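Here the structure is laid out as structure tokens; the discussion comes afterwards.
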Amino acid sequence: MNPRYGFETLAIHAGQDPEATTGAVTTPIFQTSTYAQEGLGKPFQGKYEYSRTENPTRGALEECIAALEGGSHGLAFSSGMAATANLMNLLKAGDHMLCGDDVYGGTYRLFVRVMEKFGIQTEFVDLSDAAALERHRRPNTRMLWIETPTNPLLKLADLEACAGFAKRHNIISVVDNTFMTPYFQRPLEYGIDVVVHSATKYLGGHSDVVNGVLVTSSKEIYDNQKFHQNAVGAVPGPLDAWLVLRGLKTLAVRMQRHEENARALAAMLAEHEAVESVYYPGLPAHPQHALAKKQMRGFGGMISFVIRGGLEAARAFMERLRLFTLAESLGGVESLADHPAIMTHASIPAARRAELGISDGLIRLSVGIETQDDLANDLEQAFEAAAKGLHA
Ligand SMILES: *Cc1c(COP(=O)(O)O)cnc(C)c1O
């Protein structure tokens, strides 16, 4: 596929030529575990032997996501955490890792509760200050793990500065690009080594599949990761790979609408008397708005805000929402509301949550692609109903 094609074209065609034997326009779901061999010790087309190792539906997804991130190699896994865990195989006992201080809770849990057992130590640092990285680096630091913007506070890390730091010290840099997707942010272009996604979120986009992917342009990293994908075996089934592939076809138009709706709602929340503060990189008041404009093509569909009145107000507001569904996860076509302190980030100790700024009045919205006025009206009626309820 011509890599000069535009994003929308690659999303629909990369890795997805019409199928060779029937001309099927849509990549078939190759629901098979094994393949007839062409002779003893001769896998079909020199490649297809067993579906943990190679599957054409998964292969199409891997080629497509690599094209969208502007990388040369992609790999798909059974979940975002499986992709994250596969990357741990680039490390060995005694290695040290630097990681952003408000990464996804499951990532934190993997690094602290699983990797430490294997002798890999992680230090959590505030990546909004890239200069601080030098102070935390040790001679055995081998990986830098970045989420930007972060969850739930939408803090940014400077991709160029982080990649520069990693390159100077021979450290592998990884960006979890789940929140922005390659439509808005392409970390490899800034010198980052690996991009990883929970494809469960925007890439799949319809809240109907759990999946993970990674992309790199380093042959060395790819070879290591491809070996471990097969050796460890956390691969997605063909139907799951197909669902993500179908999601990718509409990624561009979905992301445009997610953002359009989120920008409008963020502006509305910023003006609202019931709201104490709003976190959205697209607002000029966001402390890193300039950096957001520099390294992102748009600001995405995630908004966090603090409601006045703390936990009681947050509860009253959230329980009165009608269109926004009270649920964990994000990135689907439907709008969701999350209370980080009680839901997604409950496993972080209260004292640590307070340090990070995850207060009891904090609410996170995954803004969907419904009619914008309906979403705005839903928030407004919930604010009004909550205010009445609280004062009743
Ligand atoms: C959900 C999520 C993950 C984990 O992915 P799963 O598909 O749930 O395993 C990792 N990183 C981020 C930013 C996420 O939102």
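None of the figures in this text is laboratory data; all of them are computed from the coordinates on show. All values derive from a computational prediction rather than experimental measurement. All Cβ positions, even for glycine, are placed from backbone atoms using ideal geometry, and neighbour counts span all protein chains on display.
Quick one: which residues, 5 or more positions from V235 or on another chain, have an amide H under 5 Å from its amide H? H modelled 1.01 Å from N in the peptide plane, none for Pro or chain starts.
Hits under the 5 Å cutoff: S78.
Work from the charge dipole of the chain (Cβ charges, +1 for Lys and Arg, -1 for Asp and Glu, about the Cα centre) and give the residue of A36, S78, S366 farthest towards its positive end.
A36
Send over the Kirkwood Rh of region 200-269, from the inverse of the averaged 1/r over different Cα pairs, rounded to one decimal Å.
Working: mean 1/r = 0.0696 Å⁻¹.
For region 200-269, inverting the mean 1/r across all distinct Cα pairs yields 14.4 Å.
Which percentage, to the nearest 5, of the DSSP beta bridges contained in the chain is antiparallel?
Numbers: 25 of 44 bridges.
Looking only at bridges with both residues in the chain, the antiparallel portion is about 55 percent.
Place +1 on the Cβ of every Lys and Arg and -1 on the Cβ of every Asp and Glu in the chain, take the dipole about the Cα centre, and give the residue among I303, I172, T250 whose Cα lies farthest towards its positive end.
I172
Per-residue HN-Hα couplings for region 348-361, Karplus 6.51 cos²θ - 1.76 cosθ + 1.60 at θ = phi - 60°, whole Hz, x for Gly and Pro?
Along region 348-361, the couplings run 7, x, 3, 5, 5, 4, 4, 4, 6, x, 8, 7, 6, x Hz.
Going by how many other Cβ atoms sit within 10 Å of their own, how do S347, S218 line up, fewest first?
If I rank by nearby Cβ atoms, fewest first, I get S347, S218.
Would you list, by chain and number, the lysines whose Cα falls below 21 Å from the Cα of K249, excluding same-chain residues fewer than 8 positions away?
K201
Just check region 278-392 against the gyration tensor rule for me: Cα atoms, a ≥ b ≥ c as the square roots of the eigenvalues, rounded for a/c under 1.5, and otherwise prolate or oblate depending on whether a/b exceeds b/c.
Since a/c reaches 1.5 but b/c is at least a/b, the shape of region 278-392 is classed as oblate.
Given the rule -39500 (n - 2.57) for each run of at least 4 DSSP H residues, summed and divided by the residues of the chain, what is its mean residue ellipticity at 222 nm, to the nearest 500 deg cm²/dmol?
When only DSSP H runs of four or more count, the value is -11000 deg cm²/dmol.
Using modelled amide H (1.01 Å from N, peptide plane; none on Pro or chain starts), what sits under 5 Å from the amide H of S304, excluding residues fewer than 5 places away?
Residues meeting the criterion, in which the H sits 1.01 Å from N, are Y279, L365.
Pulled fully out, how much extra length does the chain show between L311 and Q45, if you take 0.36 nm times their separation in residues and subtract their Cα-Cα distance?
89.7 nm
With charges only on Cβ, +1 for K and R and -1 for D and E, what is the dipole size of region 7-249 about its Cα centre, in debye, rounded to 20?
Here the size comes out at about 500 debye.
Mean shadow of region 1-44, computed from the convex hull of its alpha carbons, in nm²?
Mean projected area of the Cα convex hull: 4.6 nm².
Per residue and in cubic angstrom, what volume does the convex hull of the Cα atoms of the chain have? Don't jump to the answer; show the numbers that get you there.
Values: hull volume 55.0 nm³, N = 392.
It is 140 Å³ per residue.
Using each residue's phi in region 316-332, evaluate 6.51 cos²θ - 1.76 cosθ + 1.60 at θ = phi - 60° and report the 3J(HN,Hα) Karplus result to the nearest Hz, with x for Gly and Pro.
Result, ordered by residue: 4, 5, 5, 6, 9, 5, 10, 8, 5, 8, 6, 7, 7, 6, 5, x, x Hz.
To make sure I understand the rule: partners must be lysines, Cα under 26 Å from the Cα of K92, and not fewer than 8 residues away in the same chain. Which ones qualify?
K117, K167, K219, K226
What residues have an amide H closer than 5 Å to that of F30, excluding those fewer than 5 places away on the same chain, when H is modeled at 1.01 Å from N in the peptide plane?
Correct list: T57.
Where does each of E355, E189 land when they are ranked from fewest to most other beta-carbon atoms within 10 angstrom?
E355, E189
Using only alpha carbon pairs under 8 Å that are at least six residues apart, calculate the relative contact order of the chain and give it in whole percent.
Contact order relative to length: 16 percent.
List the extent of the Cα atoms of region 199-348 along each of their three principal axes, largest first, rounded to whole Å.
Computed over region 199-348, the largest-to-smallest principal extents equal 54, 34, 31 Å.
Note the per residue figure in Å³ for the convex hull of the C-alpha positions in region 1-143.
181 Å³
Tabulate in residue order the Karplus-calculated ³J(HN,Hα) for region 86-100, using 6.51 cos²θ - 1.76 cosθ + 1.60 with θ = phi - 60°, rounded to whole Hz; enter x for Gly and Pro.
Working through the residues one at a time gives 4, 5, 5, 6, 7, 10, 9, 3, x, 7, 10, 10, 9, 9, x Hz.
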